[in-house]
Amino acid sequence: MNTLTFPKNFIWGVATSSYQIEGAWNEDGRGVSIWDTFSHTPGKVVNNENADVAADHYHRWKEDIALMSELGVKAYRFSTAWPRIVPDGTGKVNKKGLDFYDRIVDELLKRKIEPYVCLFHWDLPQVLQDKGGWPNREITNHFAEYTRVVAGRLGDRVTTWFTHNEPWVTAFVGYFLGEHAPGKKDIGAAVKALHHILLSHGLASDVIRSEVKHPVKIGITLNLNPVHPATDSKKDREAAERVDMFMNRIVLDPLLKGTSPIQESAIAKILTGKIIQAGDLEKIRQLDILGVNYYSRAVMKHDSKFPVVNVAQVQPEGNEYSGMWEIYPEGMYGILKQVWSYQPTCELMVTENGVPVPDGVDFDGRVRDERRIRYLRNHIAQVHRAIEDGIPVKGYFHWSMMDNFEWNLGYGQRFGLVYVDWKTQKRIVKDSGRWFAKVIQANGLEE
Ligand code: FCB
């Protein structure tokens with residue numbers, strides 16, 4: 001393989017999220033989140049697992065940051081847990097919760113790792129869900145208030161902020177498919193939730209800019225999948241276009257163009273009535289960084305068995321698959337190109353990419369995860385291809401730093417560069433972790 005060198009100052013990072021790693025679910029005044037409620041409800045998560053303890057990062061944060069430093073990462077994207085900081089969703093601030101993130105930021109900076117703070121990675125305070133959750137427009141003000149608290153405390157040291165992780169998943173997997181907390185199955189609620197999440201991105205951006213005195217970069221991370229038709233037939237191509245609208249354009253258009261397919265789509269209008277109010281789209285359209293989370297693509301065919309949308313997903317033969325998705329490295333390039341077609345003026349970054357592998361510890365204590373290394377090599381090469389083509393991707397963050405609680409799929413799906421033994425909490429840097437460290441050091445792929 002050729003040497004693929006990345007631009008100088010390319011940001012190699014790793015990512016995690018609060019609920020998936022922290023544990024300590026009821027310690028130091030943390031409030032209950034919708035994920036506590038959901039995972040404590042039998043039948044919602046594989047094997048009825050929950051993240052009460054998870055990777056115990058709340059107590060092992062120092063050791064974990066030391067490992068990041070060992071890998072040589074330049075930046076760490078993590079999320080702050082709203083219920084840890086404002087346990088009732090609004091009102092009283094829990095100092096101990098804020099202190100936790102304060103210590104993390106200091107430790108990262110001490111180790112020369114840039115903190116990338118994400119304000120919302122799905123662990124909504126349960127009390128706010130009880131008041132309607134994201135489908136209730138009122139929540140946008142609560143989110144702005146919570147943002148003010150976090151920005152007020154961490155803003156003197158944090159430059160890069162993400163408001164939300166994957167609004168589409170929060171809205172549609174949580175409020176329509178019901179596979180994530182809060183487990184609702186109401187399409188109208190999901191469409192409303194999505195709009196309010198995007199609106200809250202705008203409100204929170206204003207808050208960060210007013211609260212933080214030095215120049216900041218504010219972004220959002222989106223789950224994006226290139227959508228391909230199963231065949232070249234007109235019906236399949238149209239099916240793919242509908243899904244592209246529903247999964248990608250529904251978030252990209254408001255953020256990058258100031259328009260919304262929700263307004264165009266007759267179906268969405270019938271389902272939701274008037275949810276976009278005057279001024280909303282202007283408020284939403286502010287972005288310094290667009291974070292692309294890429295895992296796989298969607299191959300779609302026309303299928304009238306599914307009413308309204310008339311589509312079904314196809315899993316093409318002959319490709320490699322993982323515990324969750326088809327492995328399709330070219331999709332990384334494809335989705336970056338699709339985003340670039342909007343001619344965005346903000347920075348682009350890959351904020352998540354990774355693969356679940358049923359890793360195990362070998363007799364000598366090593367975790368030989370060749371499959372992850374192959375996945376990473378092929379995907380990073382596609383990021384390089386995009387850069388060569390003139391798409392200025394600024395960074396690449398691996399999901400995830402360490403094995404963690406994979407939502408409704410529990411602990412079976414391991415995504416980490418670092419293996420976590422769930423019984424002892426022992427950490428082992430996997431072969432992929434050592435490999436990624438070399439990539440960072442070489443600023444690219446050498447083998
Ligand atoms: C993304 C999520 C992240 C993790 C990965 C596998 O959708 O942002 O928390 O679950 O998928």
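Assorted remarks:
- Close amide H partners of ASP359, meaning residues 5 or more places away or on another chain with modelled amide H under 5 Å apart, are ARG414.
- Sites ASP232 and GLN263 - FRET efficiency at Förster radius 25 Å, r taken between beta-carbons, to 0.05: 0.25
- Scanning residues 5 or more positions from LYS394 or on other chains, those with amide H under 5 Å from its amide H are LEU348, MET349, VAL350, with H placed 1.01 Å from N in the peptide plane.
- Basic side chains Lys and Arg get +1 at the Cβ, acidic Asp and Glu get -1 at the Cβ, and with that the dipole of the chain about its Cα centre reaches some 640 debye.
- Theoretical gain in end-to-end length, ARG111 to LYS95 [0.36 nm per residue, Cα-Cα removed]: 3.3 nm
- For PHE162, residues with placed amide H under 5 Å, excluding near neighbours: VAL117, CYS118, LEU119, GLY219
- Check: the stretch 26-73 dipole with +1 on Lys, Arg Cβ and -1 on Asp, Glu Cβ, in debye: 140 debye
- The region of the chain that goes longest without hitting one of the trypsin sites (Lys or Arg not before Pro) in a DSSP loop, each with at most 12 other Cβ atoms within 10 Å, is 306-422.
- Options PRO392, GLY365, GLY410, ranked by Cα towards positive dipole end of the stretch 348-447, top entry (Cβ charges): GLY365
- Net length gained if the chain between ARG148 and LYS8 were fully extended (0.36 nm per residue, minus Cα distance): 47.0 nm
- With a Förster radius of 22 Å applied to the beta-carbon distance between ASP364 and ALA66, the computed FRET efficiency rounds to 0.45.
- Hydrodynamic radius of the stretch 19-138 by the Kirkwood approach over all distinct alpha-carbon pairs: 15.2 Å.
- Hits among lysines - C-alpha to C-alpha of LYS305 under 16 Å, sequence gap 8 or more where chains match: LYS235
- Here the stretch 3-446 is described by how far its Cα atoms reach on the three principal axes: 56, 54, 46 Å, from widest to narrowest.
- Kyte-Doolittle mean at least -0.5, axial Cα span of 18 Å or more - DSSP H helices of the chain: 139-154, 187-211
- Where labels lie 7 Å past Cα in the beta-carbon direction, separation of LYS131 and ALA278 in nm: 2.6 nm
- Nitroxide proxy distance, nm - points 7 Å out along Cα→Cβ at THR41 and ASP28: 2.9 nm
- Between the stretch 1-52 and the stretch 83-97, the alpha-carbon centres lie 19 Å apart.
- Checking the Cα-Cα distances for LYS131/LYS192; LYS8/LYS257; LYS74/LYS394 against a 20 Å cut-off, the pairs over it are LYS8/LYS257.
- Relative contact order for the chain: 18 percent, from Cα pairs under 8 Å spaced at least 6 residues apart, divided by residue count.
- Sites ASN48 and GLN313, calculated FRET efficiency, Cβ-Cβ separation with R0 25 Å, nearest 0.05: 0.35
- Separation of the stretch 431-446 from the stretch 238-254 is 35 Å, based on Cα centroids.
- Ratio of Rg to Rh for the stretch 230-325: 1.03 [Cα atoms; Kirkwood radius as inverse mean 1/r over pairs].
- Selection among THR221, GLN441, TYR58 by position relative to the dipole of the chain gives THR221 as farthest towards the positive end (Cβ unit charges, Cα centre).
- Burial ordering of TRP340, TRP12, fewest other beta-carbon atoms within 10 Å first: TRP340, TRP12
- The stretch 376-406 and the stretch 150-205 have Cα centres spaced 23 Å apart.
Read the figures in this text as sums done on the coordinates, not as results from a lab. Please read these numbers as outputs of a predicted model, since none were measured by experiment. Backbone-built Cβ (ideal geometry, glycine too); neighbour counts: all protein chains shown.
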